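Peer 1: Could you have a look at this structure, given as structure tokens, before my questions?
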Amino acid sequence: MTKNQLHKLVSSGRLSKTGILALVDDLSTAPQLIGALLDAIWMEDKEGGFNASWAFDHLMRKKLDFILPFIPEFVHGLKDLTSESCIRPMAHTCQMLMETYFEKKDPSFLKAVDQEKLEVLVEVCFDWLIEDHKVATKVFAMTSLYYLGKKFDWIHPELKSLLQKTIASGTAGYKSRAGKLLHQLEADL
């Protein structure tokens, strides 16, 4: 698959789940196309699509290491996203990235994600958690912030305070994840 074929496919109308999974299978053997896929995400964010971001999320579930050469583009592109359809899969990728960085302590990820990129992720995740976004985005953001709080000691008290203020008015999914994180934060503090 070429970059042009990829762009044509993701911009040709809504892909079915089967179509997305077929695309992910193709991309699983083409790590050189991740940059083009990210470009497609930034474009579809402005145009109202979500095929590229949906494919990206599924690909990262299988091959998170494909993101390594593109960490700077990924992290810095997050700040400009406005479409919930693109933000949710990117927030999920952030959570997977933070799990790999902080829990698995994968050396390749520890090297690729430096202090500056972590600081950008803190800002973006707090924005996603505070602003008007769907519950999945908020859940992924709060989980990422929990991990980021292992590096930045000021995050856990801020996250705890924010979750305590918002848990009562959250959806069932929000309350569930916030409750689990509050329990973890109590144990950590």
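What follows draws every value from the coordinates through simple rules; no lab data is involved. Everything numeric in this text was worked out from a predicted model, so none of it was measured. Methodologically, a virtual Cβ is constructed for each residue, glycine included, from the backbone with ideal geometry; neighbour enumeration extends over all protein chains shown.
Peer 1: Anything over 29 Å Cα to Cα? Flag those among Lys62/Lys160; Lys8/Lys79; Lys8/Lys138; Lys79/Lys151; Lys17/Lys180; Lys17/Lys134, in the order listed.
Peer 2: On the way: Lys62/Lys160 32 Å; Lys8/Lys79 25 Å; Lys8/Lys138 31 Å; Lys79/Lys151 21 Å; Lys17/Lys180 31 Å; Lys17/Lys134 21 Å.
Violating the 29 Å Cα-Cα cut-off are Lys62/Lys160; Lys8/Lys138; Lys17/Lys180.
Peer 1: What percent do you get for the relative contact order of the range 78-168 when only Cα pairs under 8 Å and 6+ apart count? Can you show the working numbers first?
Peer 2: Numbers: 66 pairs, mean separation 28.0, N = 91.
Answer for the range 78-168 is 31 percent.
Peer 1: I would also like to ask the following. When a/c reaches 1.5 or more, the comparison of a/b and b/c decides; with that in mind, is the range 1-66 rounded, prolate or oblate per its Cα gyration tensor?
Peer 2: Working: a/c = 1.44, a/b = 1.30, b/c = 1.11.
In terms of gyration-tensor shape, rounded.
Peer 1: Continuing with this model, one more query. Ordered by residue, what ³J(HN,Hα) values in Hz, to whole numbers, does the range 2-14 give under the Karplus form 6.51 cos²θ - 1.76 cosθ + 1.60, where θ = phi - 60° and Gly and Pro are x?
Peer 2: Rounded to whole hertz, the list is 9, 4, 5, 5, 4, 4, 5, 5, 6, 9, 9, x, 4.
Peer 1: Taking the Cα centre of each part, how many Å lie between the range 95-112 and the range 30-76?
Peer 2: Cα centroid to Cα centroid, the span is 18 Å.
Peer 1: I would also like to ask the following. Could you work out the relative contact order of the chain, using alpha carbon pairs under 8 angstrom and six or more residues apart, expressed as a whole percent? Could the numbers behind the result be given before it?
Peer 2: Numbers: 190 pairs, mean separation 30.0, N = 189.
So the answer I get is 16 percent.
Peer 1: What do you get for the angle between helix 17-27 and the principal long axis of the chain? Use alpha-carbon atoms, 0 to 90 degrees, nearest ten.
Peer 2: 80
Peer 1: Please give the contour-minus-distance gain from Lys46 to Thr166: 0.36 nm per residue of separation, less the Cα-Cα distance, rounded to one decimal in nm. Could you put the intermediate results ahead of the total?
Peer 2: Numbers: separation 120, 0.36 × 120 = 43.20 nm, distance 2.98 nm.
Taking 0.36 nm per residue and subtracting the Cα distance, the gain is 40.2 nm.
Peer 1: Next up: For the chain, find the longest principal axis of its Cα atoms and tell me its angle to the long axis of helix 135-148, 0 to 90°, nearest 10.
Peer 2: It is inclined by approximately 70 degrees.
Peer 1: Report the Cα-based extents of the range 81-189 along its three principal axes, largest first, to the nearest Å.
Peer 2: 39, 35, 19 Å, listed from the longest principal axis down.
Peer 1: Taking the Cα centre as origin and putting +1 on Lys and Arg beta-carbons and -1 on Asp and Glu beta-carbons, what dipole magnitude results for the range 74-189, to the nearest 20 debye? List each step's numbers first, then the result.
Peer 2: Values: 15 positive and 16 negative charges, 81 e Å.
Dipole magnitude for the range 74-189 comes out near 380 debye.
Peer 1: Right, something else. Write out the chymotrypsin sites (Phe, Trp or Tyr not before Pro) in the range 90-161 meeting two conditions: DSSP loop, and at most 11 other Cβ atoms within 10 Å of their Cβ.
Peer 2: Numbers: sites: Tyr101, Phe102, Phe109, Phe126, Trp128, Phe140, Tyr146, Tyr147, Phe152, Trp154; in loops: Phe152, Trp154.
Those that pass, being in a loop and sparsely packed, are Trp154.
Peer 1: For the chain, modelled as a GNM with alpha-carbon contacts under 10 angstrom, which of Ser11, Ser169, Ser108 fluctuates the most?
Peer 2: Of Ser11, Ser169, Ser108, the most mobile in the Gaussian network model is Ser169.
Peer 1: Where in the range 46-125 are there trypsin sites (Lys or Arg not before Pro) that are in a DSSP coil and have at most 11 other Cβ atoms within 10 angstrom of their Cβ?
Peer 2: Details: sites: Lys46, Arg61, Lys62, Lys63, Lys79, Lys104, Lys105, Lys111, Lys117; in loops: Lys63, Lys79, Lys104, Lys105.
Sparse-neighbourhood loop trypsin sites (Lys or Arg not before Pro): Lys79, Lys104, Lys105.
Peer 1: Please compute the contact order of the range 1-66 in relative form: average sequence separation of alpha-carbon pairs under 8 Å and at least six residues apart, divided by the residue count, as a percent.
Peer 2: The value is 42 percent.
Peer 1: Same structure again: Calculate for the chain the 222 nm mean residue ellipticity that helices alone would give, adding -39,500 (n - 2.57) per DSSP H run of length 4 or more and normalising by residue count, nearest 500 deg cm²/dmol.
Peer 2: On the way: 11 runs with 133 residues, N = 189.
The helix contribution divided over the chain gives -22000 deg cm²/dmol.
Peer 1: For the range 34-147, build the charge dipole from Cβ charges (+1 Lys, Arg; -1 Asp, Glu) around the Cα centre, then report which of Leu118, Phe102, Cys86 sits farthest towards its positive end.
Peer 2: Phe102
Peer 1: Still on this structure, I have one more. Once phi is turned into ³J(HN,Hα) by the Karplus curve 6.51 cos²θ - 1.76 cosθ + 1.60 with θ = phi - 60°, what whole-Hz value does each residue of the range 157-173 show in order, with x for glycine and proline?
Peer 2: Karplus-based 3J(HN,Hα) across the range 157-173 equals x, 5, 5, 4, 4, 5, 5, 4, 6, 10, 4, 4, 9, x, 6, 4, x Hz.
Peer 1: A further question on this structure: Rounded to the nearest 10 degrees, what's the angle between the helix 115-130 long axis and the longest principal axis of the chain, both from Cα atoms, 0 to 90?
Peer 2: Roughly 80 degrees between the two axes.
Peer 1: When a/c is below 1.5 the answer is rounded, else prolate if a/b is larger than b/c, else oblate, so apply that to the chain with a ≥ b ≥ c taken from the square roots of the Cα gyration tensor eigenvalues.
Peer 2: On the way: a/c = 2.19, a/b = 1.58, b/c = 1.38.
Because a/c hits 1.5 or more and a/b exceeds b/c, the chain counts as prolate.
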